[in-house]
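Here's the structure, in structure tokens; my notes come after.
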Amino acid sequence: MTQVNDVPVQAQARAADVDLGQALGALLRRYLESARGVVDQLPGGPRGFQILSIAAEGVCSNQATIALRLGIDRTVMTYLVDDLEKAGMVTRRPDPADRRARQVVLTGKGGKTLGSASARIREVERGVLGALTDDEADLFRSLLARVTADVPADHSACSGPAPDC
């Protein structure tokens with residue numbers, strides 16, 4: 001069989017016929033069904049996990065920016081952060097770039113929780129991407145990161161260490 005870039009031509013032709021929206025929807029549903037089971041104990045479940053992950057990036061994104069990145073309504077975002085804050089996993093502080101905005105900062109407890117949840121999520125990802133080799137899964141993640149790179153990010157500077165709970 002003819003191959004181009006180590007992929008059989010027949011497989012490439014089928015890939016061109018795939019409805020991207022349908023495929024992404026199926027992948028997302030499979031991921032969320034599996035992820036819910038491993039992060040349900042977190043306030044907000046998978047969304048709470050995503051908020052903790054963004055807070056851990058160290059750019060101190062404010063609530064509005066995180067809501068935009070995750071496609072969450074700002075009022076829903078407020079309730080999610082309220083729940084994470086009550087659980088001692090994040091704290092809010094004024095954004096030095098806009099004192100009206102609040103940054104979401106990971107606490108020590110939130111970091112520990114995120115670490116253990118991340119290990120469980122990696123297992124979910126392995127299952128969801130199980131049809132791919134490790135190299136293909138890495139390439140898929142890299143390509144996905146590239147096509148989603150235009151999502152706005154908050155680049156305001158952090159000041160001071162995150163509180164430890």
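What residues have an amide H closer than 5 Å to that of Ala101, excluding those fewer than 5 places away on the same chain, when H is modeled at 1.01 Å from N in the peptide plane?
Amide H neighbours of Ala101, under 5 Å, 5+ apart: Asp95.
Amide H neighbours of Thr107 under 5 Å, counting only residues 5+ apart in sequence or on other chains, H built in-plane at 1.01 Å?
Val90, Thr91
Here, each number is a calculation from the coordinates, and none is a lab measurement. The structure displayed is predicted, hence computed values, not measured ones.
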